[in-house]
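Undergrad: I'd like to ask some things about the structure below.
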Amino acid sequence: MGHPHLRKVARPVLPDEFGSPGLHRLVGDMVDTMRHASGAGLAAPQILDERRVVVVEVKDNPRYPQFLPIELRVLVNPHLEVLVPKESASVSIYEGCLSVPGLRGRVTRPARVRLRAQGLDGAPLDEIWEGVPAAIIQHEVDHLDGVLFVDRAEPDSLSYLEELDEFVSPSERVDVRGLDGDGSSF
Ligand code: ZN
């Protein structure tokens, strides 16, 4: 946090970049970085690349033990549309960020979004994401627009990890409301 690159609007990946070694290298670096740091996702600006690319994966994540698994997803030029306002269906998470180490803060986001994006091969996709995955993808797409979770967090919820562990119970750290089921589907 503080690096100007994190505050820029990233540029779209162009048609002739799909299939290129450069794009594959970027995604490989992003996946390595995300896994090495136990992130639930990563956006290209976090490794100082200017392109609109995010990766998401949850697999026995020690930073977010409450999250259910998400298979590795590579999303190029993602675009989100909020389907239900957060007043009706919301997901509140004490979010963290690999670019803001040691800090958490509660962010409440709409619990159902439509994701349109392209895969690494350029193929279009169109999906509904709900619950925790919806919050994760919103956090990552925010990075592409120069927005960090601290911009959206309730100021008096900001907490260092040690204090989070001491004062915020695990059940308070993730709160999904207004969805059918457990809010983990997408
Ligand atoms: Zn982040």
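Undergrad: Within the range 91-114, can one find any residue that is over 26 Å from MET1 (Cβ atoms) and out of contact with any Ser or Thr (no Cβ under 6 Å at 6 or more places or on another chain)? Walk me through how you get there before you give the answer.
TA: Residues of the range 91-114 that are over 26 Å from MET1 (Cβ atoms), as a first pass: 111-112, 114.
Filter again for out of contact with any Ser or Thr (no Cβ under 6 Å at 6 or more places or on another chain), leaving 112, 114.
Yes, the conditions are met somewhere in the range 91-114.
Undergrad: Follow-up question, since we're still on this one. Which number in (1) more than 16 Å from the ligand (Cβ to nearest atom); (2) within 17 Å of the chain's Cα centre (by Cα) marks the one condition that ALA37 misses?
TA: (1)
Undergrad: What number of residues within the range 1-19 are open to solvent by less than 30 Å² (accessible area, probe 1.4 Å) and away from the ligand (no atom under 14 Å from the Cβ)?
TA: The first filter runs over the range 1-19 and keeps only residues open to solvent by less than 30 Å² (accessible area, probe 1.4 Å), leaving 6, 10, 13, 17.
If we keep only those that are away from the ligand (no atom under 14 Å from the Cβ) too, we end up with 13, 17.
The total comes to 2.
Undergrad: Residue check: is GLU87 out of contact with any strand residue (DSSP E or B) (no Cβ under 8 Å at 6 or more places or on another chain), more than 15 Å from VAL55 (Cα to Cα) and either open to solvent by less than 10 Å² (accessible area, probe 1.4 Å) or more than 16 Å from the ligand (Cβ to nearest atom) (or both)?
TA: Taking the combined requirement at face value, the residue satisfies it.
Undergrad: In addition: Of all residues in the range 44-77 being buried (at least 22 other Cβ atoms within 10 Å of the Cβ) and over 15 Å from ALA134 (Cα atoms), which is nearest to the ligand (Cβ to nearest atom)?
TA: Residue satisfying both the conditions and the ranking: GLN46.
Undergrad: Quick check on the range 158-172: of everything there that is hydroxyl-bearing (Ser, Thr, Tyr) and surrounded by fewer than 16 Cβ atoms within 10 Å (Cβ to Cβ), which residue is nearest to GLY2 (Cα to Cα)?
TA: Filtering first and then ranking leaves TYR160.
Undergrad: While we're here: Looking only at strands (runs of 3 or more DSSP E) that fall completely inside the range 97-150, which ones have 1 or more residues that are surrounded by 21 or more Cβ atoms within 10 Å (Cβ to Cβ), within 12 Å of the ligand (Cβ to nearest atom) and of a type in the set (Lys, Arg)?
TA: Filter on the range 97-150 gives 103-110.
Undergrad: Among the candidates ASP32, ASP49, ASP60, ASP16, single out the residue that is outside any strand (DSSP E or B), touching a helix residue (DSSP H, G or I) at 6+ places or on another chain (Cβ under 6 Å) and among the acidic types (Asp, Glu).
TA: ASP49
The values are calculated or read from the model by the stated rules, or taken from the named source; none is laboratory data. As the structure is a computational prediction, the values presented were derived from the model and not from experiment. Neighbour counts run over all protein chains shown; Cβ positions are idealised from the backbone, glycine included. Only protein heavy atoms, including side chains, enter the accessible area calculation; ligands, DNA and RNA are left aside. Shrake-Rupley method; radii C 1.70, N 1.55, O 1.52, S 1.80 Å.
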